[in-house]
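The values are calculated or read from the model by the stated rules, or taken from the named source; none is laboratory data. These numbers come from a predicted model, not from an experiment. Here the Cβ is made from the backbone with ideal geometry for all residues, glycine too, and neighbour counts use every protein chain on show. These area figures cover heavy atoms from the full protein model, side chains too; ligands, DNA and RNA do not enter into them. Shrake-Rupley method; radii C 1.70, N 1.55, O 1.52, S 1.80 Å.
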Amino acid sequence: MSLKDLISPFYVWQRAFEKPYTQKRPIEDRPGAPRYRGFHMNSEECIGCGTCESICQNHAIDMVPVEGLEQRAGDSGLRPRFDYGRCCWCALCVDICTTRSLHLSNHYAWVTEDPDAFHFTAGTDAMPWNQNSLGYRRDDDYHLLVHDRVEMQALSAEESVAGFDEVMRGYTEEEAVLEADRCVECGICVATCPAHMAIPDYIRTVRKGDYEAGLRLLYETNPFSSTCGRICTHRCETVCVMGYQGDPIAIRWLKRAIVDRVPQEKYREILGDEVEENGKTVGVIGAGPGGMSAAYYLRRQGYAVTVYEAQARAGGMLRYGVPSYRLPDNQLDKDLEYIRSLGVEMRFNTQVGRDIPFTQLLDEHDALFLAVGLNQPSALRIAGEEHPRVLSGLRVLDDVASGKDPGVGKRVAVIGGGNVAMDAARVSRRLGAEVDVLYRRRIEDMPADPEEIRESQAEGCTLVPQAIPVEIRNASDSNQVTIVWGEAEMVADDKGGRPRPVLQEDRMHEETYDCIIAAIGQGGQIDFIPAEFRDRIEFKWNKFVPGDYQQTGLEKLFVGGDIANSRADAISAIEDGHHAARGIHRFLSGALDG
Amino acid sequence: MNTVEEILDFAIDREQQAADFYSNLAERVSSAWMKDMLLGFSKEEMRHKGKLKSVKLGDKLLNADQHVQDLKIADYTVDVEPAEDISLQDALIVAMKREKAAYRLYSDMAANIDDPELKSLFLGLAQEEAKHKLYFEVQYDEQIMRDN
Amino acid sequence: MFEPNPPIDLSSGKYLKLWQGPQHPGITGNMSLELITRGDEVVDCKTHVGYLHRGFEKLMERRTFIQNFPVVCRIAVPEPTFNEYLYAAVVEELTGIESPPRAEWIRTLNLELMRLASYLMWLGGIGAAFGQSTVYQWTVTHRDYILDLFEEMTGARIYHMYIVPGGVRGRLPEGFEDRCRDVLNRVEKLLHDVEKVLFNNVVFKTRTKGLGHIPKEMVDPYGITGPNQRAAGFSRDLRKDAPYLVYDQLEFDLITATESDTYARSWVRYLEMHEGIRMLRQCLDRMPQDGPFQAKMPNVLHWEVPAGETYIKAECTRGEYGYYMVTDGSEYLRRVHVRGPSYTHAIALMEKLAVGTNIADIAGLMVSLHTYPPEIER
Ligand SMILES: Cc1cc2nc3c(=O)[nH]c(=O)nc-3n(C[C@H](O)[C@H](O)[C@H](O)COP(=O)(O)OP(=O)(O)OC[C@H]3O[C@@H](n4cnc5c(N)ncnc54)[C@H](O)[C@@H]3O)c2cc1C
Ligand code: SF4
Ligand code: SF4
């Protein structure tokens, strides 16, 4: 034993007068570090996708309805409620939060006598830390989700305008799986899809490579999946939660990924084709997506279905409007063939009102579904319109679809900013013309799909916004035509509608073209509904206003598609058809009174 | 027309004529929706008539200084005939042109009169008609030129 | 040495049976020792575990791969980080994901800070077990300084949940390096004080020298690793023998001793704390300041790990810590086994070492093995 070992321990006095580091009352004195993981906070950006609920390994989160929440598209109306008897403050919920609305405050000490207080809805319940600006937030460079979309292979603009080949080439299997993998399966998109397709479920089948299951899911709500996988207006993607921090899931392309991998011959085997006849007949007017969707679901339920179609082929605007570089004929046929194979009777070249009276159909069938679409182009109704070089957009597209040359010439002005205008412009490019698109409003007001607008520009169409046509004149060359147009100022609409263009009469322009293609809008043609039914059917202008299940006051008559909804896209028509089929089934089995 | 009363009676009569115009046309058309729409127009004119009646009774005032937006759609559309098989587009053109003509009429009358009370009454009536025209122009913009 | 302790006739009246634990609140708590004593001499010892069984390995089979990372830190309360790292490492190996270099440095920094904090708590424990509670106050305060660092870096003091498969969860906070250096200086100074007060203390020396001697031959058969084996003369350390993270880029010495008793084990740990500080300073100086700290990840919500099997080990404060994992290609792991050094050190070894010691030395002996019961019972 050394002397040093006896003395050395007394060194302990050296630190005897140091202040304790421990806090006496942490509740008041000691805020958590700026990154501290304390109690939850949720901001108004939350849309209730519930991804926090799915990732929480402690089941500490329940998505609950919150009263007084404003209803918004893409918002479930639910908010996360946290149970602090379960939470372990891992903040996985924060890391996964798709809108980045969820945070943890650095508030960690909370004393209350009410045990239920530890079970609250973050963001909507008033909590002491709701104003905290510190606490755990996900680092910008840390991700548990994949934010970038897998881009689809596409023809270059030069290749595109060289012909009518489909521009978008489709996902490879590997690309599809990667894109499908990004989906958080929250289901927020389902409410916004007009047909309420089982989006997260079919996306999962892509991820798992189970295309047969995928096809079955698609057909539950949409018998035009090959078509919609290409040209759907994909409203779902506008609300997809992955869009908050990156690209929305390419829902439309994933639908296509399924259909592209199932050959037509296998459809019947996968979807089943045994249909029992139930002895009742339903007439369908119009073989567009609305009518054929109704035909499909009615046939599945055993009805004998007869479709009356004015044209020689089925498909409606999808066939005579949408050009093949967006929707190849064989893809539309794939959808239609399967529906027809279930035994739907087609009466082509039969225009109701001209070739067969409406009342006769009403007598012959137990119920009718009418979806005649909008096929009457609006006229320009400005001076000089009758000039032979003024063509209608629908006509041009119809000609192209039927293999005829519409003769647009080398320099074309398209008037309008909707899908028809864009397609007429792009078709004209493909026919070798220089194209100006005159539109009365601003580019951002164009009703056409933003992708179409982008693609038309990439293909070399020139957009001339805020241009109001006022007169058509003869050009010096009789094969040409001159248009006079004036610049527009946009004025706000007092009643909250879209801003409206007002002509500035002092700023006029004149331009000469080989032809002018008018594509300013189209209306329906339902004059064949006789005046005697006026009291029983509700109209708004020249469209129907259906009631529940698409039924009209004329109980046997159900209506849908463009002629009866304001959305005027394929998927809405398809949903109308499906919905009406359910309505007709209820009506004919007595569950729905007239 | 020298008194407020006379002027209002004139205007009321014009609204009645308009209502009759639409209901007569409605008689002639054969399709359900067009009949429905024209009768709606006619009803609307009757509503205008009712409003002027209450102005006459002193229950309501016309406002001469309000600013009504002019979309100038009526100015550049061609004239159309109100035939039996009239389309929605043409019916709207007929309607807005009629309202425009009425607006012109009252504005011209206002310009040619010195009495400030009567002048303001004509201007008030003109603004009413401008509103009716705007309604049809907006409908034309929405229904017919959806894509433009 | 490998035979069971000879049977004892309790009815002879010469012996007393005494239970230590499981309600013992200290590091050695949550397990219990069934001691047979004659006077104050311990003649037999049986170890009992099972009081803290939470079934982590089973729990993990029912959670997705991302959901497991907040779970694993709880397996060893005072040393969560080794679990976080090893779990991340097995998942990365099975998926082929590589965590970026910056993350590897931050992880090393974390692990060494963790080791230092854990050693500080142990140092207090060994002091307190031999009557030097003041040392305990000092070291726990200094551990708190480190926990402050963890708090600002990770958002939590104990269960950091910071090392995740793919990397780490965030960059270091602004000014962290300086504050960390400051804490290291303070700890270093403290260690010199502790050396004076504890290691040069006649009472401590007298009581610990010769206590709990582990013969060299016992080391491998009993699965003894870490400082416990290094104090018995083995130059083995996974950071040197099978380097992971950035250990092969760090300069540090391997500390050994030969006496293999409580004092030697304590001294080895004491010197290792200095080595740890040395490594931490290198980390702070050489850490990349930018670049990603997370690998590109798939959507973790339905993360499927390819079928496979692996075992990855790391040198934790107490020896070899390892994760064995089997996956079957699904979103859930098939089986995970956590190998912690406390299992071997606290159960079989303790039964042997206790015999012949004094009741008063039992707590100190346990602390000298540095075992954490939570980690025994996964
Ligand atoms: C150029 C263009 C591009 C488009 N692009 C897209 C797009 O990208 N995405 C999208 O979702 N939608 C697009 N649309 C809209 C889409 O085509 C329509 O919303 C959809 O086709 C409407 O379906 P529907 O069944 O209501 O009517 P339609 O498709 O118009 O079908 C109506 C059918 O009824 C027939 N018919 C009409 N009257 C009678 C009668 N009296 N007797 C018998 N048959 C009759 C018609 O011949 C036609 O076949 C586009 C439309 C056009 C014109
Ligand atoms: S912090 Fe972790 S345990 Fe708590 S609610 Fe969020 S995910 Fe669940
Ligand atoms: S597609 Fe988007 S909105 Fe729909 S379930 Fe997937 S992540 Fe959610």
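Remarks
- DSSP assigns beta bridges within chain A; of those with both partners inside it, close to 50 percent run antiparallel.
- With all protein chains modelled, accessible area of A:K540 [1.4 Å, Å²]: 120
- Of the peptides A:309-318, B:42-51, the order by per-residue mean of other Cβ atoms within 10 Å, starting with the highest, comes out as A:309-318, B:42-51.
- Separation of alpha-carbon centers, the stretch A:261-287 and the stretch A:471-546, rounded to whole Å: 40
- Calculated FRET efficiency for the pair B:K43/A:S566, C-beta based, R₀ 22 Å, to 0.05: 0.40
- Counting only other chain Cβ atoms within 10 Å of each residue's Cβ, the peptide A:365-372 averages 0.
- FRET efficiency for the pair C:L254 and A:E159, taken as 1/(1 + (r/R0)^6) with r the Cβ-Cβ distance and R0 = 60 Å, rounds to 0.35.
- Order of exposure, largest accessible area first, which applies to C:I97, A:I584 with probe 1.4 Å: C:I97, A:I584
- Projecting label points 7 angstrom from Cα along Cα→Cβ for A:K410 and B:D75 puts them 3.7 nm apart.
- For the stretch C:314-378 versus the stretch B:1-56, the spacing of their alpha-carbon centroids is 96 Å.
- Ranking A:S478, A:S105, A:S402 from most to least accessible surface, computed with a 1.4 Å probe over the protein chains only, gives A:S478, A:S402, A:S105.
- Accessible surface computed residue by residue for the protein assembly as shown, with neighbouring protein chains in place and a 1.4 Å probe, gives 41 Å² per residue.
- Anisotropy class of the stretch A:377-522 from Cα gyration tensor, a/c 1.5 cut: oblate
- Cross-link partners for C:K296 among the lysines, with Cα-Cα distance under 22 Å and sequence neighbours closer than 8 places in the same chain left out: A:K208.
- When each of A:K280/A:K556; B:K43/B:K72; B:K51/B:K133 is checked by Cα-Cα distance, pairs over 20 Å: B:K43/B:K72
- Peptide A:381-392 has a mean of 2 when you count, residue by residue, the C-beta atoms of other protein chains within 10 Å of its C-beta.
- Quarter of the Cα convex hull surface for the stretch B:4-144, i.e. its orientation-mean projected area (nm²): 8.5
- The long axis of helix B:32-56 is offset from the longest Cα principal axis of chain B by roughly 0 degrees.
- Gain on full stretching of the segment that runs from A:D148 to A:R586 - 0.36 nm per residue minus C-alpha separation: 153.2 nm
- Accessible carbon and sulfur surface of the protein assembly as shown relative to its total accessible area, %, 1.4 Å: 48
- Kirkwood-type radius of the protein assembly as shown, with distances r between different C-alpha atoms, in Å: 36.1
- DSSP H segments from chain C that extend 24 Å or more along their own axis, Cα-based, with Kyte-Doolittle mean of -0.5 or above: C:101-129, C:133-154
- Listed residue pairs exceeding 26 Å between alpha carbons, taken from B:K49/B:K100; A:K334/A:K410; B:K56/B:K131: A:K334/A:K410
- Probe 1.4 Å - accessible area at A:R72, Å² to nearest ten: 100
- On Cα atoms only, tilt of B:116-139 relative to the major axis of chain B in degrees: 20
- Under the combined filter of DSSP loop state and at most 10 neighbouring Cβ atoms within 10 Å, the stretch C:140-175 retains these GluC sites (Glu not before Pro): C:E174.
- For the residues of B:138-145, the average number of beta carbons from a partner chain within 10 Å of their own beta carbon is 6.
- Pairwise alpha-carbon distances in chain A exceed 34 Å for 54% of all pairs.
- Note on A:M490 and A:D477: the extension gain reaches 1.2 nm, defined as 0.36 nm multiplied by sequence separation minus the Cα-Cα distance.
- Mean separation of Cα contacts under 8 Å, 6 or more apart, over the residue count of the stretch A:461-506: relative contact order %: 31
- Sorted on the mean count of surrounding Cβ atoms within 10 Å across their residues, most packed first, peptides A:166-177, A:213-224 read A:213-224, A:166-177.
- Cross-link partners of C:K205 among aspartates and glutamates (Cα-Cα below 18 Å; sequence separation of 8 or more within a chain): A:D5, C:D193, C:E195, C:E259, C:D261, C:D361
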